[in-house]
1. In whole percent, what relative contact order does region 76-225 give with Cα contacts below 8 Å and a gap of six or more residues?
2. Quick one: if you stick a label point 7 Å off each Cα along the C-beta vector at R125 and V357, how many nm between them?
3. Which pairs in the list K161/K270; K56/K77; K352/K387 are over 24 Å apart, alpha-carbon to alpha-carbon?
4. Give the calculated FRET efficiency between D332 and E224 to the nearest 0.05, with a Förster radius of 30 Å applied to their Cβ-Cβ distance.
5. Would you mind working out the accessible area per residue for region 362-401, using a 1.4 Å probe, and quoting it in Å²?
6. Would you mind checking the pairs K113/K175; K362/K390; K228/K378 and listing those with alpha carbons more than 32 angstrom apart?
7. Please compute the length gained on full extension between D83 and H153, using 0.36 nm multiplied by the number of residues separating them and subtracting their Cα-Cα distance.
8. If we restrict to alpha carbons, what Rg and Dmax does region 82-193 come to, in Å?
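The values are calculated or read from the model by the stated rules, or taken from the named source; none is laboratory data. Everything numeric in this text was worked out from a predicted model, so none of it was measured. Here the Cβ is made from the backbone with ideal geometry for all residues, glycine too, and neighbour counts use every protein chain on show. Keep in mind that these areas ignore ligands, DNA and RNA; they rest on the heavy atoms of the full protein, side chains included. Shrake-Rupley method; radii C 1.70, N 1.55, O 1.52, S 1.80 Å.
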Amino acid sequence: MMNSIDWSVGWCYICTVLLLLLIVTILLLLDYWKRQRLYTLFAGNLGEFIVVLSDKFEFISSLPQFMSDPLFDNLSKDRLFRDILPPKDWARLKLYFDDIDKHPEMPFMFSYKRDDGTMLWFEMRCKHQRLSMDESRYICLIKNISNTVENQHRLDEAETKLKSLLRNTGDFLWKFDFESRQLFLLTPMMDDDYRDVPRSGGVVDVESLMPEDDFKLLERVMNECMMKAGGEAAYDDKGHLLDEQSQLNRLANENARFGTLKIRCWNSEKNLVWYDFRGHLAPDDEDRIVMMGSARRVETSPEIPFLMKSGVEGSLINSLFNFPNIGIFWVDRNFTILGCNNAFATDSGFAKTDEVVNQSLKDVISVKYLPYYDSMIKDVFDNGSPKSWKGKFDDSDWICTINVVPMLKSLLKSGYTVSRVLCVYMRISG
């Protein structure tokens, strides 16, 4: 009698434990089900899911269970990869699975065509999990990268269009770092046949890109632009001094820029060519303020209206004034500059010819070059005969030829006297 009671109590205990385990299991499953259903709130925004495949590439399970993705839906319906991938991609995938133990970190990219014809792109990372000697499975993390591929395609398309534009115009893009004082070419320069000049991108040696005087002019204009914008960005609208980060943010939004600046650059044949430089302040990838801009190649420098003539004579004069290595200026008897071309203005550190006109020659030409011009101009004014000189300046690698001729003679009671003198110089390599 006691044994039957003990057995009954034992069975009751066992049944109670099993019932409790069943209840706990059901509660856990319900909780898991509720948690999985939370994914339905973001079904269209989930880009990653896990698929478990057998060693024969048959679908076993997937996570999360609620997801809106065409590939996920097909795989969840027990469809195989070989049924939904193009033959070439399926062959590549089989090779990928065969070598996964050798290259566990290597991703696999493939495309999938939806029923509406839209092409989607996916990236897969896989782990081979061995369960026993005869059984294994593949754990696949699949990520929808269609947006990334599409954005990259748009960037590549925009870059191709930009290269085509620059190739047709002969332009290039540049950047100047104020901290390192380095000049970067963001796109390569073009030669006369609009082909990329080799090794003309990245950090450039300024001396190999343009004459020293031209870079000094460019650097001065950029520094002035930076100083002006920096002063305006240092204070808020109420006159309070801003902190450093706020100044940088405001400086980046000031849209400070400089207009067209005539700069000469060396081409692939080591000849000087005119470029129109434009630039504006902007933040770089590291949120530093740099000067970024473009340079457009121009066949001629701006015309000088009061010297223009029609016909062959006018064309010859225009060509002479447009040579980037020939400087031209003319002065009166007080050594006041009455006019010049862009080459002379640039050599003297001025952005425009208008900035040079009406200035005294001694205030424009460097003191180390002034004696050469001063003595020759005086001789022409006194004697009325042309003068010329050829040689090297003290610290220069260039051979310079200087020609000074009487430009205008006035009739006085004592006879003709020179009232204006024209100076033409040309720099050639030594």
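1. Numbers: 156 pairs, mean separation 15.2, N = 150.
RCO, region 76-225: 10 percent.
2. 6.8 nm
3. On the way: K161/K270 29 Å; K56/K77 17 Å; K352/K387 28 Å.
Table pairs above 24 Å Cα-Cα are K161/K270; K352/K387.
4. So the FRET efficiency works out to roughly 0.50.
5. Numbers: 2530 Å² over 40 residues.
On a per-residue basis, region 362-401 sits at 63 Å².
6. Details: K113/K175 43 Å; K362/K390 21 Å; K228/K378 41 Å.
Pairs exceeding 32 Å: K113/K175; K228/K378.
7. Numbers: separation 70, 0.36 × 70 = 25.20 nm, distance 2.78 nm.
Full extension from D83 to H153 adds 22.4 nm.
8. Considering region 82-193 through its Cα atoms, Rg and Dmax are 22.5, 69 Å.
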